[in-house]
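Read through the structure below, which is laid out as structure tokens, and then see the notes.
The values are calculated or read from the model by the stated rules, or taken from the named source; none is laboratory data. If you're wondering where the values come from, they're calculated on a predicted model, not measured in any experiment. Reconstructed Cβ throughout: ideal geometry from the backbone, glycine too, with neighbour counts over all protein chains shown. For the accessible areas, the whole protein counts, side chains as well, though only heavy atoms, and no ligand, DNA or RNA atoms are used. Shrake-Rupley method; radii C 1.70, N 1.55, O 1.52, S 1.80 Å.
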Amino acid sequence: MTKTTGVVGRRAFIGGMAAGAAITGFPHIAGAQAKAIRIGLPTILSGRVAILGTSSRAAVQLATQQVNDAGGIAGRRIEIVDRDSKGRPDEAARVTRDLINNDGCEIVIDGEASSGAFAVHEVVRDLGVLCLHTCSETSSLSADPKLFVKTAFRCARQGIHDAVAGGTYASEISKAKGLKKWATCSPDYAYGRDNTAEFVEYVKLFDPQIEVVDQLWPKLFAPDYTESITKMLQVKPQAVYSALWGGDLVAFIEQSNLYRLFANTAFFSGGLGDPPVLSAIKQLPPGLNTAYRYNRNYPANPENTAYADGFVKIAGHESTNWGWQNYLATQFIFEALRRTGGKTDGGALAAEIKGMTVKSGFGVDGNITMRESDHTIINYPVAWGRTVPKAPWVEGFQAVEWAKILELEQQWKKSKGYA
Amino acid sequence: MNLDALAGCVSSSACLVTQISTALIVGMLLFMVTSGLSLIFGVLGIINFAHGAFYMMGAYFALAAYQLTSSFAVAFLAGALGVGLLGIVFERLVMSRVYGTDVLMQLLVCYAMILIADDVVKIVFGPEYKMMGMPDAFALPPIELFGGFIPAYYVFMIGASLLIGLLLWLGINKTRLGKTIRALAINPQMVGALGINTTLLYAGVFGIGSLLAGVAGALAAPTRTLTPGMGVSILIESFIVTVIGGMGSIAGALIAALLIGFARAFGAIGCPLFVDGLMFALMAVVLVVKPSGLLGREPAR
Amino acid sequence: MMRPGLARDAAVCAAGLALLLVLPLAFPQPALRDFLIYVMAYGLLAMSLNLLVGLTGLVSFGHAAYFASGAYMFGLLMQSGRVSIPVAIVATVAGTALIALVIGAICVRLKEIYFSFITLAFQMFIHSIILTWVSLTGGDQGLMGGIPRPPFLGINLNEGTALYGFCAAVFVACVLLMRQVWMSPFGYALRLIRDNPSRANFVGIDVVRAKLGIFVFAGAMASVAGVLLALFVSGAYPEFGFWTTSGEAIFMIMLGGSQLFVGPLVGAFLLQLLNRTVTIYTEHHGLVLGLVILLIVLGLRQGVGAFLFERLARRRQARR
């Protein structure tokens, strides 16, 4: 075996040298003085939720095109480097490190969902670059002070905001129509359970007569919901809340249609408002209640329409919720870069972004603010509307007052020990 | 645990009808997937880890055909035959080259097949959620039976799966070809020595096994969301079914698939959170007590 | 337990460690360190699995369970803030060995594909525990808030180079330990069990106990791999214990060659390099990776490492 080990030693050496050369010799290396400002976009581009990544990327590309066509920022062009994490958190961490350490990205837009976002968060804590989380809605990411990272921000809707808005909207309908018997049907994972618990908490707070008679927890990414649907038929609730989203929600609604579930049951959904979900459903029942995720007609203003058209041109389908959140993130980043004169130091950019208000077609009153205290956005649309069978699929959006949301959010933070 | 609810359901005809139909809906589709897996294992002695990818391809083929022709019959045939053909190609070009090597080689090429299929689907059909939609012929109100409800499409789905299962059973047990296939499973050298073209038979059996996955995909397409990667979860479930029912046994697959269907349907009422744990536990118990499964043969060695 | 060749193995390992420590000096970019830490963590996982697959002929589909257990136990111990890093590592290895002992006692009685399936079942069981025990593990979001790395014995692992050096040292120590087992009489008994179990029984080897022994050892080594990765990414995630992680480890073994001691490490290196390079240039890495696998399996019909090794041996013979 002498020879074996000898060979091994040499091979390891050659391999190591090859690795060294390969890893550090990639053409993507960009020095600090490179002309373009590189923004890294770790996201999910394959598997069941690939649309999360492809629509995040499309929105970021759209914004980048626009700013580059206008001459870049401080004489420097913006370049996007996207990379697939395959939905695996350790891969997300690796990819993010690579983007920063190897590809010369000086800013990160984190297009990861749930656990991936926490993984990227830790990388950012280590490396100190500016990072905007654009897809994670988990409240604790920004609300829990234990997780606070100076240069990390959330530019996405937040669970607790939606819960207050949903509770307000749903309780008005339940009081008007006397919907007392409720059931829930949500995916069995952290987001699904938290989202549902928070919705139930607020809808009961605003309408104490509501009673939740049953809660169903199908698995995340379950292909078939028949057993949950038939179980619901047995319980005969007057209203159902669901935190299902994406392809799961499409399947749930089509399968529920077969049982005519929505004929005598009011339906409230946290995830139905995404246009690709709505358009995938072949028989969209009218009158389902859904939280706003994105809509080209709301808020109704020319900037929003221009964004919607621009997005369709790149992606080939209507924008998702992830789309506008990523587009907005680039607006924050570009504005911060303008203010620092193109300096990409994480601390300097973070100092600009915290508390920043940008003009935006998505804002309730034309503005969206990055709150200074906990690095998360407010004043984005948290409206609810009702479905119609044809495009634009959701109409009659009713906004919920941000003042009320903020007040209840503060109480919630106190109860959680966050504030 | 909620035994009261379970007792309440069993004593009400409406609930009983609905839940039994649920069990059949879940179980029979699972049976369609698993029967193909089991057939291939029984005859060829290999585990087709790419079976889930075939199921996905079946659904996408059906969707494409339905979008072109708006005919569910054509969509169904496209899903079934398209995947059957794909299976034969895969067997000839790839799988046949790893017969007789260890299981890891087979695992690897199937893994490669899954990766390729997922990406090809994403490139051709896009990453968005796709839904075929209910064909007009089935756009009827659910059928009422003893106060319970069964959607018309599911009645068709259960019937079609039963019929195909029956045909498969007759084909294997009552025809000359079936006899040859059974002989092939036990002693391939002997069958070859009798002048029968075993290469062709292997390809044919693999094709039929894949076709069954295609059938399942096509039957699922009107009610389930199509996405790249949709084959993974069904693969895991059908492995559990195969192991419980006995690898290589079609009847075992039927029994185990229905067992899972009933556990899911009534578990949803009695103990909703333990259904999955129950599956793994059942699988572990079966493996420890009778590794060959409920109806599986003991290995010949 | 001195055996001939130990001194040489130790020397080779020392040289390997020196090389690992020198490389970042030659190429100072942090990207290289990151890359090598991943290769070491996954290499260790694949090498430990190969003690079962290549050495004993036990094809486990559930090895990632111990990888995950290592990452989670270590992460939880460190987050508790009561222990130092070395103590946490020792406790994690011991704890994982205990889990492997319980699961292994049931599994090693089964043969062939049934062994594979029951290990898969246990892995999925552990994965579902991680997902459902949210209060402890954080569920699908993983251990949040980072894993603290308090300094010990004057070593501060928050420092990138120190962390890398520590990982390299632990990795080389584990490799040396596994090499010991690979070359020991116990290792040869396991080869006999792989090739001819009834004969092994006949010559007086307690087959079940031997299998259980290597199962527990392999699990313990896999937990060290989990510790390294958790230390580096500063978190632990349920995906560590999912079947895809096990599948990847098997792929690394096949890529490198299961009958070579370092085969899985070569495989881990190649897969990481491939994965890294392909994802940079295309989002259709599944397509590329799938085609590469098909080429290797159908073209070489053995691992790349094994193939190269044979070529080298043949050429050397021809020269003689």
Counted residues in region A:232-244 being modelled with pLDDT under 90 and buried (at least 21 other Cβ atoms within 10 Å of the Cβ) come to 2
Do we find a residue being buried (at least 24 other Cβ atoms within 10 Å of the Cβ), under 30 Å from A:A50 (Cβ atoms) and in contact (Cβ under 8 Å) with a residue 12 or more places away in the chain anywhere in region B:242-250? yes
Contacts under 6 angstrom Cβ, first residue in region A:159-182 being under 10 Å from A:D207 (Cβ atoms), partner among the hydroxyl-bearing types (S, T, Y) and at pLDDT 90 or above, 6 or more apart: A:G167/A:Y202
Out of region B:251-267, which residues are surrounded by fewer than 24 Cβ atoms within 10 Å (Cβ to Cβ) and more than 17 Å from the chain's Cα centre (by Cα)? B:A263, B:F266, B:G267
Can you pull out every residue in region A:262-279 that is open to solvent by less than 10 Å² (accessible area, probe 1.4 Å) and among the hydrophobic types (A, V, I, L, M, F, W, C)? A:F267, A:F268, A:L272, A:V277, A:L278
Inside region B:187-224, can you point out the residues that are within 14 Å of chain A (Cβ to nearest Cβ) and either over 22 Å from B:A50 (Cβ atoms) or open to solvent by 10 Å² or more (accessible area, probe 1.4 Å) (or both)? B:P222, B:T223, B:R224
Kindly indicate whether any position in region A:210-220 is more than 23 Å from A:A176 (Cα to Cα), β-branched (V, I, T) and either open to solvent by less than 40 Å² (accessible area, probe 1.4 Å) or not in a strand (DSSP E or B) (or both). no
Go through region B:129-144 and count every residue that is within 13 Å of chain A (Cβ to nearest Cβ) and open to solvent by 40 Å² or more (accessible area, probe 1.4 Å). 7
Filtering region A:398-417 down to residues that are part of a helix (DSSP H, G or I) and hydrophobic (A, V, I, L, M, F, W, C), which residue is surrounded by the most Cβ atoms within 10 Å (Cβ to Cβ)? A:I405
Find the residue count for region A:64-84, including only residues that are farther than 30 Å from C:G142 by Cβ, surrounded by 16 or more Cβ atoms within 10 Å (Cβ to Cβ) and in contact with a strand residue (DSSP E or B) (Cβ under 8 Å, 6 or more places away or on another chain). 7
Restrict the check to region C:239-256 and report whether at least one residue is touching a residue at least 24 places away in the same chain (Cβ under 8 Å), touching an Asp or Glu at 6+ places or on another chain (Cβ under 9 Å), on the phi < 0 side of the Ramachandran plot and open to solvent by less than 30 Å² (accessible area, probe 1.4 Å). yes
So which of C:G95, C:G81, C:G70 is open to solvent by less than 10 Å² (accessible area, probe 1.4 Å), more than 11 Å from every other protein chain (Cβ to nearest Cβ) and of a type in the set (G, A, S)? C:G70
Taking the stated definitions as given, is C:E248 at the interface with another protein chain (Cβ under 10 Å from one of its Cβ atoms), under 18 Å from the mean Cα position of the chain (by Cα) and acidic (D, E)? yes
Odd one out for C:Q123, checked against (1) away from every other protein chain (no Cβ under 11 Å); (2) open to solvent by less than 10 Å² (accessible area, probe 1.4 Å); (3) not small (G, A, S): (1)
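In region A:181-198, is there at least one residue being among the hydrophobic types (A, V, I, L, M, F, W, C) and assigned to a loop (DSSP other than H, G, I, E, B)?
To start, the set of residues in region A:181-198 that are among the hydrophobic types (A, V, I, L, M, F, W, C) comprises A:182-183, A:185, A:190, A:197.
Narrowing the set further to residues that are assigned to a loop (DSSP other than H, G, I, E, B) leaves none.
Within region A:181-198 (the criterion being among the hydrophobic types (A, V, I, L, M, F, W, C) and assigned to a loop (DSSP other than H, G, I, E, B)), the answer is no, since none of the residues qualifies.
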When B:L29 is run through (1) surrounded by 24 or more Cβ atoms within 10 Å (Cβ to Cβ); (2) more than 16 Å from B:S233 (Cα to Cα), the failure sits at (2)
Within region B:246-293, which residues are in a helix (DSSP H, G or I), within 24 Å of C:A105 (Cα to Cα) and among the small types (G, A, S)? B:G277, B:A281, B:A284
A careful count of residues in region C:12-38 that are over 13 Å from C:G165 (Cα atoms), at the interface with chain A (Cβ under 9 Å from one of its Cβ atoms) and open to solvent by 10 Å² or more (accessible area, probe 1.4 Å) gives 6
One residue is enough: does region A:308-328 have a residue meeting the conditions open to solvent by less than 40 Å² (accessible area, probe 1.4 Å), more than 22 Å from A:A59 (Cα to Cα) and in a helix (DSSP H, G or I)? no
Might you let me know whether region B:98-105 holds any residue that is open to solvent by less than 30 Å² (accessible area, probe 1.4 Å), in contact (Cβ under 8 Å) with a residue 60 or more places away in the chain and not in a loop (DSSP other than H, G, I, E, B)? no
Taking only region A:38-51 into account, find how many residues are surrounded by fewer than 24 Cβ atoms within 10 Å (Cβ to Cβ) and modelled with pLDDT of 85 or more. 1
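Suppose we filter region B:11-24 for residues that are more than 9 Å from chain A (Cβ to nearest Cβ) and in contact (Cβ under 8 Å) with a residue 60 or more places away in the chain; how many remain? Write out each step before concluding.
In the first step, residues of region B:11-24 are kept if they are more than 9 Å from chain A (Cβ to nearest Cβ); the result is B:11, B:13, B:16-17, B:20, B:24.
Those left that are additionally in contact (Cβ under 8 Å) with a residue 60 or more places away in the chain: B:13, B:16-17, B:20, B:24.
Summing the residues that are more than 9 Å from chain A (Cβ to nearest Cβ) and in contact (Cβ under 8 Å) with a residue 60 or more places away in the chain in region B:11-24 gives 5.
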Sort through B:F274, B:F280 and tell me the only one that's within 14 Å of chain A (Cβ to nearest Cβ), at pLDDT below 80 and open to solvent by 40 Å² or more (accessible area, probe 1.4 Å). B:F274
For region C:214-227: of the residues being in contact with a Phe, Trp or Tyr (Cβ under 9 Å, 6 or more places away or on another chain) and within 15 Å of C:G57 (Cβ to Cβ), which is surrounded by the fewest Cβ atoms within 10 Å (Cβ to Cβ)? C:I214
Which of the residues belonging to region A:85-117 are open to solvent by 10 Å² or more (accessible area, probe 1.4 Å), among the hydrophobic types (A, V, I, L, M, F, W, C) and out of contact with any strand residue (DSSP E or B) (no Cβ under 7 Å at 6 or more places or on another chain)? A:A113
Mind listing whichever residues of region A:366-397 are open to solvent by 60 Å² or more (accessible area, probe 1.4 Å) and in contact with a Leu (Cβ under 9 Å, 6 or more places away or on another chain)? A:R386, A:P389, A:K390, A:A391
Condition broken by C:L136, with the remaining ones in (1) more than 14 Å from chain B (Cβ to nearest Cβ); (2) more than 16 Å from C:F240 (Cβ to Cβ); (3) open to solvent by 20 Å² or more (accessible area, probe 1.4 Å) satisfied: (2)
